[in-house]
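Read through the structure below, which is laid out as structure tokens, and then see the notes.
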Amino acid sequence: MAAHNNRMSDERNSVAEAVLGRRSTRAFLPRPVERTLIETLLETAALAPSGGNLQPWQVDILTGEPLAALKAAALAALGADRAAMELTVYPSPLPDPYRARRYRSGEALYETIGIAREDKPARLAQFARNFDAFGAPVLLFFSIDRIFDRPQWAHLGMFMQNLMLLAHESGLATCPQEAWAAVHGTVAEHIELPAQRILYCGMALGYADPEAPINSLRTEREPVEAFARFRGF
């Protein structure tokens, strides 16, 4: 019984360590990631819960020449003002406290790389790095059937969270990227996305560059009392 309890404690600690250690990485090394490792991560992540066991997630994984071609096409689409959102990433106007949180997060990010608020060209250049996947050697795209509503979207999110935590445990880094929704048509063309599926986001995957200042970013979180209400305790 003692050995069983110790093993369970170790498992709980490993989950907590992954949650505490995971970060959205924005600078990657060019080191490739083995396909077999990605397959293992996906297979394990797919143990995520989903109502009725529908498993609504779909994933397209790019590296090498297909990824390079997509990056070039995405940057061209941005430069030609062909970007168009199919999903509403943020409501407009975005009310507080959400607006304030987003503002603080953005300012903290630009501070790590020394970009002033008034330096619009530098900020736009940094935003454009989304479409280079921040130098990551692998890019995953997550899509879902258009027939599904918010419950299945939640299940997709749980699958993605599993994947990010498992990647961290394996020494990899990730960055979920909703920015790819801005060029969803370009992405759909390159990954041959069926019309009945809608693109949610991309996810950069690879090995973090430990020397990159931007990877020092640690965004703040609200305390439990700000979002939780307890009753009957």
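Nothing in this text is a laboratory measurement; each read-out follows from the coordinates by a stated rule. Because the structure is predicted, anything quoted here is derived from the model rather than measured. Every residue, glycine as well, gets a Cβ built from its backbone with ideal geometry; the counts of neighbours run over all protein chains shown.
What the table shows:
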| item | result |
| --- | --- |
| Under-5 Å amide H pairs with CYS201, H placed in peptide plane, nonlocal only | PHE142 |
| Per-residue ³J(HN,Hα) for segment 23-34, Karplus 6.51 cos²θ - 1.76 cosθ + 1.60, θ = phi - 60°, Hz, x for Gly and Pro | 9, 7, 8, 10, 7, 10, 7, x, 4, x, 10, 5 |
| Against the rule of thumb 2.2 N^0.38 Å, how large the Cα Rg of segment 50-115 comes out | 1.64 |
| Residues TRP57, TRP153 arranged by fewest to most Cβ contacts within 10 Å | TRP153, TRP57 |
| Extension gain (nm, one decimal) between ALA46 and ILE147, 0.36 nm per residue minus Cα-Cα | 34.3 nm |
| Distance from segment 171-233 to segment 54-112 (C-alpha centre basis), Å | 9 Å |
| Under Karplus coefficients 6.51, -1.76 and 1.60, residue-wise ³J(HN,Hα) of segment 188-194 in Hz, glycine/proline x | 4, 5, 6, 9, 6, 6, x |
| Difference of contour (0.36 nm per residue) and Cα-Cα distance, VAL224 to GLU211 | 1.4 nm |
| Label-reachable residues, segment 175-196, where backbone N falls under 15 Å from a point 7 Å from ALA69's Cα toward its Cβ | 186-193 |
| CD proxy at 222 nm, helix term only [per DSSP H run n ≥ 4: -39500 (n - 2.57); per residue of the chain; nearest 500] | -14000 deg cm²/dmol |
| From phi via Karplus (6.51, -1.76, 1.60), per-residue ³J(HN,Hα) for segment 159-176 in Hz, x at Gly/Pro | 4, 5, 4, 3, 4, 5, 5, 5, 4, 4, 4, 8, x, 9, 10, 9, 8, x |
| Interchain or long-range residues, amide H under 5 Å from THR25's placed H | THR174, CYS175 |
| Amide H within-cut-off set for GLN58, under 5 Å, with H built and near neighbours excluded | SER143 |
| Normalised convex hull volume, the chain, alpha-carbon set, Å³ per residue | 183 Å³ |
